[in-house]
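The values are calculated or read from the model by the stated rules, or taken from the named source; none is laboratory data. All values reported here derive from a predicted model rather than from experimental measurement. Ideal geometry is used to build each Cβ from the backbone, glycine not excepted, and the neighbour counts take in all protein chains shown. Just the protein is used for accessible areas: all its heavy atoms, side chains included, with ligands, DNA and RNA removed. Shrake-Rupley method; radii C 1.70, N 1.55, O 1.52, S 1.80 Å.
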Amino acid sequence: MPRNFSSVGVIGLGYIGLPTAAILADHGVTTIGVDVSERNVAAVNKGEVPFVEPGLREVLERAVSSGTLTATTQTPTAEAYIVAVPTPFTEAHAADLSYIEAAADGIAGKLTGGELIILESTSPPGATEHLAQRILAARPDLGAEDILVAHCPERVLPGRIMEEMITNDRIIGGLTPAAAEAARDLYSAFAKGEFLLTDARTAEMAKLTENSFRDVNIAFANELSVISHRLGIDVWELIELANHHPRVNILQPGPGVGGHCIAVDPWFIVDAAPEESRLIRTARETNDAKPEWVLGRIEQALESAGPAPTVALLGLAFKADIDDLRESPALQIAQTLAERAPQAQLLAVEPHIQTLPAALSGFSNVALTDLDEALQRADVVVLLVDHQVFKDLPAARLGEAVLIDTRGIWR
Ligand code: SAJ
């Protein structure tokens with residue numbers, strides 16, 4: 001008989017924790033969401049979503065109004081916990097586990113024995129063991145056999161989270177087989193994909209491997225775009241043709257790789273095995289170098305655009321049709337250009353945000369404008385994010401401006 005959990009505490013109500021809490025609660029599980037931000041907690045208790053994610057608001061509203069989901073700033077007593085806190089990386093590209101440690105400390109004080117603790121945050125190899133050891137160090141009255149600890153990496157794609165959270169297969173890595181089985185029981189409350197049980201370290205590495213695979217493939221595409229530019233070849237046509245081969249599937253070049261996953265996770269592998277991770281490191285460096293290459297192209301265009309040119313920067317988010325600016329190459333390009341080209345007026349167009357982000361708000365030569373104004377005034381138009389509104393633009397609207405299309409949508 002699968003174990004039923006009477007209550008689940010979800011620690012961290014961000015891009016992953018909040019949808020997880022909402023979906024669990026919507027499936028009838030009493031769920032308590034925990035976040036350090038009082039503002040987030042207040043928003044969630046009113047059924048409001050603090051970020052853009054299609055379909056989340058409806059599910060959250062339902063869960064809050066039915067009373068199965070509540071939010072608080074204090075870790076509650078619960079039969080199971082899901083930890084979905086950030087794992088940023090330090091200047092030296094090592095994982096910063098301080099949020100996981102803080103979550104462990106909060107949970108430790110609430111345990112009575114027999115609880116299931118699941119780490120969902122993307123983590124370097126060994127982080128799940130570290131979390132368990134931290135809890136046991138704080139609770140010498142409990143033995144390792146008194147807690148069930150597993151790593152179940154989230155693998156949902158921002159923009160499609162509500163669907164993928166239910167349909168994706170789940171890798172479940174237990175510190176013990178019993179922990180993996182208990183975690184499977186918890187996810188079976190809502191997840192419809194296959195459950196793949198393994199140990200915690202393999203599960204940690206599997207998640208990092210998936211994102212590194214994508215990073216390496218995108219680095220290949222980005223390298224091809226730089227080579228193609230030099231050789232006068234349209235890289236998007238090139239990739240489209242090559243992908244007709246039944247065993248070739250090259251991803252798309254762009255202005256760089258952003259977000260909190262693909263731009264970060266491969267570094268956890270490099271940090272864990274620096275000597276052996278040569279390809280993974282090079283892919284990261286290739287993708288991280290792409291914004292600078294785009295900047296070079298913009299600066300070249302500015303040289304022939306007069307003494308006080310206007311530049312439209314279309315998109316600031318890290319990818320299409322979301323409002324997430326984390327590690328965004330578009331934002332990095334906008335900020336660096338604002339610093340290096342004070343003579344240029346930069347008009348940033350980002351339909352998913354209402355005010356200029358902190359990274360740009362200090363510059364007098366940057367303004368957030370709507371698309372119409374930017375296109376009317378721009379001498380140079382730089383497409384940075386393939387938002388649908390930009391894809392829908394008729395070619396005639398682009399006028400006489402010099403175009404730099406980093407996503408290949410206006411070919
Ligand atoms: N990108 C390209 N070219 C492409 C695809 C993406 O330049 O062909 C860029 C995007 O513009 C963006 C970055 O890569 O800047 C990352 O975007 P993404 O859509 O590839 O991935 P994320 O970061 O939104 O989500 C990834 C997903 N991982 C994989 O597809 C292997 C998702 O399933 C994970 O759950 C998520 O990371 C995560 O949380 O780890």
message: How would the stretch 146-209 be classified by its alpha-carbon gyration tensor: rounded, prolate or oblate, with rounded meaning a/c under 1.5 and the a/b versus b/c comparison settling the rest?
response: oblate
task: Kindly express, to the nearest 10 degrees and within the range 0 to 90, the angle between helix 17-26's C-alpha long axis and the longest C-alpha principal axis of the chain.
output: 60 degrees
- prompt: Contour minus end-to-end for Ala308 and Lys192, with contour as 0.36 nm per residue of separation and end-to-end as the Cα-Cα distance?
  reply: 36.1 nm
task: Return the lysines within reach of Lys110: Cα separation strictly under 27 angstrom, same-chain partners fewer than 8 residues apart disregarded; answer none if there are no such residues.
output: Lys46
statement: Compactness check, the stretch 323-411: C-alpha Rg relative to the 2.2 N^0.38 Å globular estimate gives 1.04
task: Roll a 1.4 angstrom probe over the protein heavy atoms and tell me the percent of accessible area of the stretch 241-337 that is carbon or sulfur.
output: 51 percent
query: Which trypsin sites (Lys or Arg not before Pro) does the stretch 171-264 hold that lie in a coil by DSSP with at most 14 other beta carbons within 10 Å?
result: Lys192, Arg247
- line: Rounded to whole angstrom, the alpha-carbon centroid of the stretch 1-23 lies from that of the stretch 173-229 at a distance of 19 Å
Pair Glu58, Val226: separation of 7 Å Cα→Cβ label points (nm): 4.4 nm
task: Return one number: the angle in degrees, 0 to 90 and rounded to the nearest 10, between the long axis of the Cα atoms of helix 56-65 and the longest principal axis of the Cα atoms of the chain.
output: 30 degrees
- prompt: What is the local net charge at Arg139, summed over the other residues whose Cβ is closer than 12 Å to its Cβ (Lys, Arg +1; Asp, Glu -1)?
  reply: -2
- prompt: Rounded to the nearest 5, what % of the DSSP beta bridges within the chain are antiparallel ones?
  reply: 5 percent
query: Tell me, what is the per residue accessible area of the chain in Å², probe radius 1.4 Å?
result: 45 Å²
message: Which one, Thr310, Thr90, Thr75, has the greatest fluctuation when you compute a Gaussian network model over the chain with C-alpha springs under 10 angstrom?
response: Thr90
- request: Just report the Cα centroid separation between the stretch 259-320 and the stretch 60-80, whole Å.
  value: 39 Å
query: Which order, highest average first, do 268-279, 376-387 follow once you tally other Cβ atoms within 10 Å for each residue and take the mean per peptide?
result: 376-387, 268-279
Coordinate range along principal axes, alpha carbons of the chain, Å, largest first: 73, 47, 38
- request: Note the direction-averaged projected area, equal to a quarter of the hull surface, for the Cα convex hull of the stretch 62-118, in nm².
  value: 5.3 nm²
- request: Could you calculate the FRET efficiency of Arg278 with Val248 from 1/(1 + (r/R0)^6), where r is the beta carbon distance between them and R0 is 22 Å, rounded to 0.05?
  value: 0.40
query: How much length is gained if the chain between Ala396 and Glu240 is pulled fully straight, taking 0.36 nm per residue apart and subtracting their Cα-Cα distance, in nm to one decimal?
result: 53.6 nm
field: Between 0 and 90°, nearest 10: helix 177-187 axis offset from the chain longest Cα axis
entry: 60 degrees
query: What is the distance, in nm, between label points placed 7 Å from the Cα along the Cα-to-Cβ direction at Asp141 and at Thr77?
result: 1.2 nm
- prompt: Which of the lysines could a cross-linker span from Lys290 if the Cα-Cα distance has to be under 23 Å and same-chain partners fewer than 8 positions apart are dropped?
  reply: Lys319, Lys391
